[in-house]
Amino acid sequence: MSELTLYTTEWCPFCQKLVAALDEAKVPYTKIDVEEDAEAAAWVESVNGGDRIVPTVKYPDGSYATNPLPKVAMRKFARLTS
């Protein structure tokens, strides 16, 4: 099954908003806390010009988005998995 990968932190309000919206819409995802996973943090930094910006979302096709609006992330996920 295809799913999103969410790179987040526990304290980030934008991450919390995205997770809540995905949960409500029943969109499957794996959540990785970049403060607990150095490899994930390095990946986030590599795609964000050296900055650790969360949430960063990786889509099933390997593309990514930095701090996407929940509806944008859900639309792209639906398009990729339909």
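Checked against the criterion of being farther than 17 Å from residue 3 by Cα and touching a Cys at 6+ places or on another chain (Cβ under 6 Å), the candidates 54, 47, 34 yield just one match: 54. Is it the case that residue 51 is of a type in the set (Asp, Glu), assigned to a loop (DSSP other than H, G, I, E, B) and modelled with pLDDT of 95 or more? Criteria met by residue 51. For the condition surrounded by 14 or more Cβ atoms within 10 Å (Cβ to Cβ) and not small (Gly, Ala, Ser), residue 13 does not qualify. Residue-level check: of (1) farther than 18 Å from residue 3 by Cβ; (2) within 14 Å of the chain's Cα centre (by Cα); (3) not hydroxyl-bearing (Ser, Thr, Tyr), residue 28 misses just (1).
Evaluate the following for residue 57: is it assigned to a strand (DSSP E or B), buried (at least 17 other Cβ atoms within 10 Å of the Cβ) and either at negative phi or hydrophobic (A, V, I, L, M, F, W, C) (or both)? Yes.
The values are calculated or read from the model by the stated rules, or taken from the named source; none is laboratory data. Keep in mind that what you see is a predicted model, and the values were worked out from it rather than measured. FYI the Cβ positions are ideal-geometry reconstructions off the backbone, even for glycines, and counts take in every protein chain you see.
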